[in-house]
Amino acid sequence: MVQKLLRKARKGTEVIYVPGNHDEVARQFDGLAFGDITVREDAIHVTAAGRRLWVVHGDLFDGVVQHARWLAYLGDSLYTLILAVNRHFNRIRARLGFPYWSLSQYLKHQVKNAVNYINSFEQAMVDEARRRGCDGVICGHIHKAEIREVDGQLYCNDGDWVESLSALVETQDGELQIVYWTTLLDAPATAGRRATATA
C-alpha cells in the first residue's frame, strides 16, 4: 500500500499525510514535504462533485486524548493487545474457513458509553467542519467506517487500515464510498466462481 501511494505521488498525485494519535511524533513535521508527500495537521479536499471537505485525523477532538493522556496511553496499550489477540484468533478462523471478525469492533459496539462517545465525536467533527465553511468532514480516529449526514453536514470516517481494513475512496463523479480490502479480495474470486459455475 505504501509503495502504491509513493508511486502515485511520484506520478503527480498530491499526497498529504495527516498524522494522528498513533503516530503523533510526525506532527512535528507539519508543513514539511518528504519527497512528494506533505505532512499536514489537516487539509481541505474538494470532491469532483464540488463539495468542500475538511480532512483531519480527529484525535484532537477526543477529550480523553487531550485531557487524560495516561488513560489514552492505557487505551492504546489495550488496543495493541486486542489487535494481537485478534490476529491469532483470525488465523484460526481462516483455517476453519470463517471470514475475518474484529474483536475490538465487537467490544466497541457492545459498550453503551462507546456509542455515546461516537455520537458526540461525530457531532464535534461536523460542527467544526461547518465552522470552517466546509460541507463536511473526512476523519478517522474512532475506527468506525461510515458515511452519513449529521446535521446537514457530510460525515465520513474511513475506519482504519490495520484492523477493519477499510478505506474511503472517491469515484470519478465525486461520490464517496467505503471499501473493505477483504471484500475487494473476495470479489475476483467470487466472480471467477460465478463464471465457472455458468460455463
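The values are calculated or read from the model by the stated rules, or taken from the named source; none is laboratory data. These figures come from a predicted structure and were not determined experimentally. FYI the Cβ positions are ideal-geometry reconstructions off the backbone, even for glycines, and counts take in every protein chain you see.
Figures for the structure shown
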quantity	calculated
Subset of the range 153-165 [at pLDDT below 95 and of a type outside the set (A, V, I, L, M, F, W, C)]	G159, D160, E163, S164
Which numbered condition R130 fails, given (1) assigned to a helix (DSSP H, G or I); (2) at pLDDT below 95; (3) under 19 Å from T47 (Cβ atoms)	(2)
Restricting the range 149-166 to residues that are of a type outside the set (F, W, Y) and not in a loop (DSSP other than H, G, I, E, B), the residue that is farthest from N90 (Cα to Cα)	Q153
Residues of the range 1-29 satisfying the condition of being of a type in the set (D, E, K, R) and either outside any loop (DSSP other than H, G, I, E, B) or surrounded by 14 or more Cβ atoms within 10 Å (Cβ to Cβ) (or both)	K4, R7, K8, R10, D23, E24, R27
Residue count, the range 35-56 (criterion: in contact (Cβ under 8 Å) with a residue 12 or more places away in the chain and either over 26 Å from E163 (Cα atoms) or part of a helix (DSSP H, G or I) (or both))	9
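Residue-by-condition table, conditions (1) under 22 Å from L184 (Cβ atoms); (2) of a type in the set (S, T, Y); (3) in contact with a helix residue (DSSP H, G or I) (Cβ under 6 Å, 6 or more places away or on another chain); (4) outside any loop (DSSP other than H, G, I, E, B):
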{"residue": "E122", "(1), (2), (3), (4)": "no, no, no, yes"}
{"residue": "I142", "(1), (2), (3), (4)": "no, no, yes, no"}
{"residue": "I147", "(1), (2), (3), (4)": "yes, no, no, yes"}
{"residue": "V169", "(1), (2), (3), (4)": "yes, no, no, yes"}
